[in-house]
1. Would you kindly derive the ³J(HN,Hα) couplings of the stretch 156-165 from the backbone phi angles with the Karplus curve 6.51 cos²θ - 1.76 cosθ + 1.60 (θ = phi - 60°), listing them in order in whole Hz, with x for Gly and Pro?
2. With +1 assigned to the C-beta of every Lys and Arg and -1 to the C-beta of every Asp and Glu, and no other charges, what is the dipole magnitude of the stretch 9-55 about the Cα centre in debye, to the nearest 20?
3. Sorted from largest down, give the three principal axis spans of the alpha carbons of the chain, whole angstrom values.
4. Would you pull out the residues with amide H under 5 Å of V55's amide H, same chain only if 5 or more places away, H placed 1.01 Å from N?
5. Rounded to the nearest 5, what is the percent of antiparallel bridges among the DSSP beta bridges in the chain?
6. With Cβ to Cβ distances under 12 Å as the rule, what net charge do the other residues near L91 carry (K, R +1; D, E -1)?
7. Quickly estimate the mean residue ellipticity at 222 nm for the chain, helices only: each DSSP H run with n ≥ 4 gives -39500 (n - 2.57), and the total goes over all residues, rounded to 500.
8. Kirkwood Rh and Cα-based Rg: tell me the resulting Rg over Rh for the stretch 181-285, rounded to two decimals.
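Since every read-out is calculated from the coordinates, none of them should be taken as a lab result. Model, not experiment: these values are computed from the prediction. Using ideal geometry, Cβ is built from the backbone for each residue, glycine included, and neighbour counts are taken over all protein chains shown.
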Amino acid sequence: MKIILANPRGFCAGVNMAIQTVEEAIKIVGTPLYVYHEIVPNRHVVDHFVKMGVVFVNSIDEVPAGQTIVFSAHGVSPQVRNNAKGRGCTLIDATCPLVTKVHMEAIRYAMQGYKILLIGHAGHDEVVGTVGEAPDAFTIVESADDVAKLPFTGCERMVYLTQTTLSMDDANVIIDALKKRYPAIKQPPSEDICYATTNRQYAVRALAEDADLVLVVGSKNSSNSVRLTEISENSGCRAYLVDDRSEIAHDWFAGVNTVLITAGASAPEHLVQEIVEELIEKYGGQVDEANVVEEDVHFNLPRSLRVLQGAEA
Ligand code: SF4
């Protein structure tokens with residue numbers, strides 16, 4: 001069997017930064033270290049840190065006063081930040097800079113009196129955090145059907161923003177519907193769907209047509225992993241989202257000559273390699289790395305962590 005490994009796949013710069021932030025924070029403050037929400041949406045990453053003594057919380061009320069708390073890559077609302085400050089916690093903000101960019105856009109447009117239409121999934125941590133920057137200014141748009149139900153006349157100042165991990169194709173359908181109904185709607189100064197999401201989707205779209213089956217390594221609550229699975233299926237290729245090798249069913253491979261493997265932006269590479277090993281062991285064959293897009297993006301550790309390290313005043 002031929003195994004194609006999509007490149008790029010797996011960890012993005014934001015996930016690398018967030019994981020390294022928790023590792024460094026443990027070295028400085030020890031454990032228990034509190035992290036608000038999963039540091040990145042991956043079961044293996046979370047389990048690894050739980051074993052090291054990290055406590056993941058869904059509410060700031062769960063954090064004892066005065067403790068150190070890390071905010072995850074998805075970002076948080078100002079309300080969460082203020083709650084944590086109010087409990088005398090030390091804050092380490094591992095929000096991905098590309099999520100922060102969307103927050104900054106939201107604050108700027110809200111201050112200018114815009115109605116902000118956020119294209120994204122209601123309830124997703126990133127969307128909750130972004131909306132929290134200016135709750136009165138936001139309306140969430142999840143589908144093109146939602147556009148017809150919007151209460152605005154078009155006389156308002158309107159802008160759309162997008163969640164960073166959407167499918168470009170799905171977002172474009174909604175954007176087209178928004179522009180059709182509200183021709184004067186403003187678009188963000190630069191694309192909000194992030195480079196890592198875009199590149200992983202582009203690679204899968206380019207490679208899926210040569211495969212009989214696509215395996216996406218990632219957790220079910222990872223938005224960009226779910227999107228990779230959908231894109232493969234929309235390209236006409238059967239696809240499965242698996243957390244690791246234990247979730248693979250071997251009857252999937254009957255009649256399969258070529259399997260494409262990719263991984264969501266929060267999935268560790270060792271999980272991909274374990275799947276490759278299992279497939280080679282069972283079916284033999286060759287492994288090809290298919291380089292579709294080169295990536296060279298790196299984010300510095302958060303300033304709040306560097307201050308704790310004593311590297312910055
Ligand atoms: S997927 Fe994009 S927005 Fe999310 S952490 Fe990675 S680089 Fe940042």
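1. In residue order, the calculated couplings are 6, 7, 10, 9, 10, 10, 10, 4, 6, 10 Hz.
2. Numbers: 4 positive and 4 negative charges, 21 e Å.
For the stretch 9-55, the charge dipole is close to 100 debye.
3. 58, 54, 31
4. The answer is L33, Y34, V35.
5. On the way: 0 of 41 bridges.
The antiparallel proportion sits near 0 percent.
6. Values: positive: R81, K85, R87, R303; negative: D93.
Here the charged neighbours net out to +3.
7. Values: 11 runs with 122 residues, N = 313.
Helix contribution divided over all residues of the chain: -12000 deg cm²/dmol.
8. Working: Rg = 15.9 Å, Rh = 14.8 Å.
Dividing the radius of gyration by the Kirkwood radius yields 1.07.
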